[in-house]
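Right, one structure below, let's go through it.
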Amino acid sequence: MKHNSNSPSGIFAPILRRVTLAAWFLRLVPVPFGLLTARLSAKLVSSAVGTDVSGAVRTGILLLAVMIALRLFDVFSGIGFDRASSAALHRCKMELYRRFLACPLHVLYAAEHGRANESLNAEFSTVTGKHLNLYPGFFTGILTAAVYFVYLLAQSVPAALVLLAFSLIQMVPPVIVKRYIQQNYDDYEDIEAECTDLTMETFGGFAEIRMYALKQWWLDRMAAFHRRYLRVCNKMEITGRVEDSMDAFVENLLKYGTYGVLGAFVLTGVTETETAVAGIALSGGLFEAVRGIFSSIPEFAVVKTAEKRMSGWFADGGTVAKGPADGGIVLECVSLSYGDNAVLRDVSGTVDTSGAVLLRGANGIGKSTLFRLFTGLLKPDAGSVMVGGVRPEELRYPDGVFYLPQDDAVFGFSAAELYAMALTPERAATAARYAHEFGLTDELLGQAAGTLSGGERKKVFLALGFASGASLMLLDEPTNSLDEAGRECLCRMLKERGGGIVVISHDMMFDTMHMDRYTVAEGGIVHER
């Protein structure tokens, strides 16, 4: 089956191809066993009715051996399949992470925690399940039903047609609940994403809730959310129970209806006893195959929805790195708003980054927002931004551009591990040397970044930036949390580097340095002469 090579299925299908073929094979193996079981069951009854005791015993032993063999095959092949599918799913998950992290920075920056979490977990399972379960189950179900029906047709046309009619009754529950299952899936995924977002937001705001006496407001908000959550879950529960009840009713109808009709056929001479026994033996497999076909119908809609939701992480196929910024920054008529709040209005200007640049301006004028535009974290609502002759989303990090925001990232791994992951071995050693110059010991570099103080984390990232070899360094308030020794070390390193630096800071230390000064004002960036 053909897939768009840039869609989730197009990415996962080649990785899952071998286990998908194995899934098809494992689902087809029971078919000949089913036919053999039907023939042996019919022969067993014939021998028993004909008082051929020894024949009945031999046939019974053979039938038992066939059933044991099939069971053992299921057990051992299932173990091997589970191992292979787990390994393939792991590779798919790693590819998803790679694609996810290769998305343009503005996509990652704007991503909601809940939406990303659903794509990385529930929707991932749904999409990969299409290859491992849905397609193999659907198409092998069609083949199994066709083989069993043809076999029964050759034995008795009336019996075959009756069993086919009974099996088609199973289409009623999935068709009735199809629309509700799809809608419930959409609603559930949305509410799960909102739940994650709300949890993350609350986790980061406990102190503010306590400080500003927002406890009741927060409790009311959580109560309202949980009422919505319960409504969605109740709808899913009701739909599931209705489908289960309908399935149970249909199952009983099939079981006892098959016995009754085939028994009546035997009594009236429409079919032979052996044919009826074979029909009963095959009816379970036939009904299961048809049930699998019809139960798959709602799942196709669910998979389609999951693929559509995930496609945003695959649309661009990752950003294309065209090299580091080696020229100036050019803005033309750039505007950006956060909701109704216009932060930048028709801003134009050129910043020469061949030397060291100090970017100044009044608080709230949009300096940090400009840095996010320079790095591609944000996209302008209007206008264009070019950094070193390329669009910000095409820049390479950290060797092309290094960006230090005001708030340092907090990781669970150590600075030494960060350097090893982000840099070449030579540059990692250089970063460690710079960190030592900032006053960080090997012991501190070996600790998880989250256990370091704000000033220590700032030194970790500054050392990374200077060691990265980036053509352009964007430093937003780099002296925040630094002690006096750290400030002096930063000043020395900036002087040694010379150019390719843009700094946002109100620190008077930078007034003593030889830097080009630009002022961000309403409508533009002005070079101070």
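If a residue has to be in a loop (DSSP other than H, G, I, E, B) and either under 28 Å from the mean Cα position of the chain (by Cα) or buried (at least 19 other Cβ atoms within 10 Å of the Cβ) (or both) to count, how many in the stretch 383-398 make the cut? Give the derivation first.
First, pick out the residues of the stretch 383-398 that are in a loop (DSSP other than H, G, I, E, B): 388-389, 391, 395-398.
Still in the list and also either under 28 Å from the mean Cα position of the chain (by Cα) or buried (at least 19 other Cβ atoms within 10 Å of the Cβ) (or both): 388, 391, 395-398.
Adding up the residues that qualify gives 6.
Just to be sure before I move on: is Asp507 surrounded by 15 or more Cβ atoms within 10 Å (Cβ to Cβ) and touching a residue at least 40 places away in the same chain (Cβ under 8 Å) in the structure I sent? When the stated conditions are applied, Asp507 does not pass them. Examine the stretch 120-138 for a residue that is polar (S, T, N, Q), in a helix (DSSP H, G or I), closer than 30 Å to Gly269 by Cα and touching a Leu at 6+ places or on another chain (Cβ under 7 Å), and state whether such a residue exists. No: zero hits. Filtering the stretch 514-521 for residues that are surrounded by 16 or more Cβ atoms within 10 Å (Cβ to Cβ), within 43 Å of the chain's Cα centre (by Cα) and not hydrophobic (A, V, I, L, M, F, W, C) leaves a non-empty set. Of all residues assigned to the stretch 237-245, none qualifies as being exposed (fewer than 10 other Cβ atoms within 10 Å of the Cβ) and modelled with pLDDT of 75 or more. Answer yes or no as to whether Leu16 is hydrophobic (A, V, I, L, M, F, W, C) and crowded, with 17+ Cβ neighbours inside 10 Å. Yes, satisfied. Annotation note: of Ala122, Ala65, the sole residue that is touching a residue at least 12 places away in the same chain (Cβ under 8 Å) and among the aliphatic types (A, V, I, L, M) is Ala122. Under the condition of being part of a helix (DSSP H, G or I) and within 17 Å of Leu464 (Cα to Cα), the residues counted in the stretch 478-487 number 2. Here Glu488 clears all of (1) at pLDDT 90 or above; (2) surrounded by fewer than 17 Cβ atoms within 10 Å (Cβ to Cβ); (3) in contact with a strand residue (DSSP E or B) (Cβ under 6 Å, 6 or more places away or on another chain) except the condition numbered (3).
Yes/no matrix, rows are residues, columns are (1) touching a residue at least 40 places away in the same chain (Cβ under 8 Å); (2) touching a strand residue (DSSP E or B) at 6+ places or on another chain (Cβ under 7 Å):
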residue: Asp408; (1), (2): yes, no
residue: Ala416; (1), (2): no, no
residue: Thr430; (1), (2): no, no
residue: Arg433; (1), (2): no, no
residue: Asp442; (1), (2): no, no
residue: Ser468; (1), (2): yes, yes
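Go through the stretch 438-450 residue by residue and tally those that are over 31 Å from the mean Cα position of the chain (by Cα) and not in a helix (DSSP H, G or I). Counting residues in the stretch 438-450 that are over 31 Å from the mean Cα position of the chain (by Cα) and not in a helix (DSSP H, G or I) gives 5.
So is Ala224 assigned by TED's automatic domain parsing to the domain that holds Gln155, in contact (Cβ under 8 Å) with a residue 60 or more places away in the chain and assigned to a helix (DSSP H, G or I) or not? Answer is no for this residue. Among the residues of the stretch 80-128 satisfying the criterion of being of a type in the set (Phe, Trp, Tyr) and under 30 Å from Gly339 (Cβ atoms), which is surrounded by the most Cβ atoms within 10 Å (Cβ to Cβ)? It comes out as Phe100. Within the set Ala278, Ala306, the sole residue that is modelled with pLDDT of 85 or more and in contact with a Lys or Arg (Cβ under 8 Å, 6 or more places away or on another chain) turns out to be Ala278.
Output yes when any residue across the stretch 182-203 is among the charged types (D, E, K, R), under 24 Å from Leu253 (Cα atoms) and either part of a helix (DSSP H, G or I) or modelled with pLDDT of 70 or more (or both), and no when none is.
No, there is no match, as no residue in the stretch 182-203 is among the charged types (D, E, K, R), under 24 Å from Leu253 (Cα atoms) and either part of a helix (DSSP H, G or I) or modelled with pLDDT of 70 or more (or both).
Counting only helices (runs of 4 or more DSSP H) that sit wholly inside the stretch 7-111, those with at least 3 residues that are more than 26 Å from Gly129 (Cα to Cα) are 30-49, 53-101, 105-110. Which residue pairs have Cβ atoms under 6 Å apart, sit 6 or more places apart or on different chains, and have a first residue in the stretch 350-366 that is at positive phi and a second that is hydroxyl-bearing (Ser, Thr, Tyr)? As it stands, the answer is Gly361/Thr519, since those pairs meet every condition given. Exactly one residue out of Ser453, Ser481 is closer than 30 Å to Arg360 by Cβ and within 36 Å of the chain's Cα centre (by Cα): that is Ser453. Tell me yes or no: at least one residue of the stretch 427-435 is surrounded by fewer than 16 Cβ atoms within 10 Å (Cβ to Cβ) and modelled with pLDDT of 90 or more. Yes.
Here the condition is being closer than 20 Å to Ser46 by Cβ, within 47 Å of the chain's Cα centre (by Cα) and of a type outside the set (A, V, I, L, M); of Gly263, Gly285, Gly269, Gly279, it holds for Gly279 alone.
For the stretch 267-287, a residue qualifies if it is surrounded by fewer than 17 Cβ atoms within 10 Å (Cβ to Cβ) and either among the hydrophobic types (A, V, I, L, M, F, W, C) or not assigned by TED's automatic domain parsing to the domain that holds Gln170 (or both), and exactly one does: Leu267.
In the stretch 317-345, the qualifying residues are those that are modelled with pLDDT under 75 and touching an Asp or Glu at 6+ places or on another chain (Cβ under 9 Å), and the one that is surrounded by the fewest Cβ atoms within 10 Å (Cβ to Cβ) is Val320. Sort out which residues of the stretch 501-527 are among the charged types (D, E, K, R) and either outside the structural domain of Leu404 (by TED's automatic domain parsing) or in a strand (DSSP E or B) (or both), and write them in order of number. Answer for the stretch 501-527, where residues must be among the charged types (D, E, K, R) and either outside the structural domain of Leu404 (by TED's automatic domain parsing) or in a strand (DSSP E or B) (or both): Asp516, Arg517.
The values are calculated or read from the model by the stated rules, or taken from the named source; none is laboratory data. Since the structure is predicted, the reported quantities are computational estimates derived from the model, not experimental observations. Heads up, the Cβs are rebuilt from the backbone with ideal geometry, glycines too, and the neighbour counts pull from every protein chain shown.
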